[in-house]
Amino acid sequence: ELKVEQNPLFLSMQEGKNYTIYCNYSTTSDRLYWYRQDPGKSLESLFVLLSNGAVKQEGRLMASLDTKARLSTLHITAAVHDLSATYFCAVDIRGAGSYQLTFGKGTKLSVIP
Amino acid sequence: DAGITQSPRHKVTETGTPVTLRCHQTENHRYMYWYRQDPGHGLRLIHYSYGVKDTDKGEVSDGYSVSRSKTEDFLLTLESATSSQTSVYFCAISWGSGGYEQYFGPGTRLTVT
């Protein structure tokens, strides 16, 4: 059974600080996705990482994938309040009929002014 | 925003009653998914479809059935709702499988009393 573990699950950080969210998974996959969810809203796609060593950046967020270590990181640079949200990673695994996403439990980020 | 709508957006129902949730897309994507989101569990896949009349089970399919008679519509049915099915249900679509990001609908909040 695939396990996708995120840590930390809760993160409170001050504006201007840097931090990293980790996503570990338990089986072979070279495709990983990051999503953002604001309270009471749907999920928004942030990054699609499709190979070992992939790195994507958008504004203050940078995601990377190490398939050998089965680890993805989401790095936050100089956090601002607008980044407060819950961040999910999801791993692509082949199922019976197609690939399926297995999600981590999410990291709730609160950026404090 | 991807053209995905879900109906109803909110529903309160009694234990033992049947409930059908609808997901409608205007993007002509082949793949459609139903997830449930519960606190502390992230998102879990219920069922998915890889074409008209082609469906398969996900991680938490017990108590749920699905149907897809048209490309644009994917229905999730709770034959006899239970309190454990109180949740937020998200529909998602993707163009392909494996390496294709999923786009999520706005969600349906279901309460079973």
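The values are calculated or read from the model by the stated rules, or taken from the named source; none is laboratory data. Just so it is clear, the structure is predicted and the values come from calculations on it, not from any experiment. Ideal geometry is used to build each Cβ from the backbone, glycine not excepted, and the neighbour counts take in all protein chains shown. What goes into the accessible areas is simple: the full protein's heavy atoms, side chains included, and nothing from ligands, DNA or RNA. Shrake-Rupley method; radii C 1.70, N 1.55, O 1.52, S 1.80 Å.
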Accessible area buried at the B-A interface, both sides summed, 1.4 Å probe (Å², nearest 100): 1700
Over 31 Å between Cα atoms, which of A:Lys68/B:Lys53; A:Lys56/B:Lys70; A:Lys17/B:Lys11; A:Lys3/B:Lys70; A:Lys108/B:Lys70; A:Lys68/A:Lys105 qualify? A:Lys68/B:Lys53; A:Lys56/B:Lys70; A:Lys17/B:Lys11; A:Lys3/B:Lys70; A:Lys108/B:Lys70
Please list the non-local residues whose amide H lies under 5 Å from the amide H of B:His29, H modeled 1.01 Å from N, same-chain partners needing a gap of 5 or more. none
How large is ³J(HN,Hα), in whole Hz, for each residue of the range A:15-22 in order, when computed from phi with the Karplus curve 6.51 cos²θ - 1.76 cosθ + 1.60 and θ = phi - 60°, using x for Gly and Pro? 4, x, 8, 10, 7, 10, 9, 10
Rounded to the nearest percent, how much of the accessible area of the range A:4-112 (1.4 Å probe, protein heavy atoms only) is carbon and sulfur? 48
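Given a 1.4 Å probe, how much area per residue of the protein assembly as shown is accessible, in Å²? Can you show the working numbers first?
Working: 10820 Å² over 226 residues.
Per-residue accessible area for the protein assembly as shown comes out at 48 Å².
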Would you mind finding the longest exposed-site-free stretch of chain A, with exposed trypsin sites (Lys or Arg not before Pro) meaning DSSP loop and at most 12 other Cβ atoms within 10 Å? A:18-67
Cα centroids of the range B:1-30 and the range A:13-64: how far apart, whole angstrom? 27
Counting only residues 5 or more places away or on other chains, whose amide H sits under 5 Å from the amide H of A:Gln100 once H atoms are built in the peptide plane? A:Ile93, A:Arg94, A:Gly95
Quick one: compute the contact order of the range A:4-112, relative version, from alpha carbon pairs under 8 angstrom and 6+ residues apart, as a percent. 36
Charged-residue dipole, Cβ positions (Lys, Arg, Asp, Glu), the protein assembly as shown about Cα centre, Debye nearest 20: 100
Please report the projected area of the range A:1-60's Cα convex hull averaged over all directions, in nm². 5.5
Sorted largest first, the Cα spans of chain A on the principal axes come out in Å as 46, 30, 20
Residues in the range A:1-44 occluded by at least 50 Å² - accessible area, probe radius 1.4 Å, against chain by itself: A:Ser42, A:Leu43
Residue-by-residue Karplus 3J(HN,Hα) for the range A:58-74, coefficients 6.51, -1.76, 1.60, Hz, glycine and proline x: 8, x, 8, 10, 9, 10, 9, 9, 10, 6, 5, 7, 6, 9, 10, 10, 10
Relative contact order (%) - chain B, alpha-carbon pairs under 8 angstrom, separation at least six: 36
Please report, to two decimal places, log10 I(q)/I(0) for the range B:28-113 at q = 0.10, 0.14, 0.26 Å⁻¹ as given by the Debye formula with identical point scatterers on the Cα atoms and no solvent. -0.23, -0.45, -1.44
Of all DSSP beta bridges with both partners in the range A:13-113, the antiparallel percent, nearest 5, is 95
Per residue Cα convex hull volume in Å³ - calculated over the range A:67-113: 95
Relative to the isolated chain, which residues of the range B:38-53 have their accessible area cut by 50 Å² or more in the presence of all protein chains (1.4 Å probe, heavy atoms, no ligands or nucleic acids)? B:Leu43, B:Tyr48
Expressed in angstrom, Rg and Dmax over the Cα atoms of the protein assembly as shown are 17.5, 51
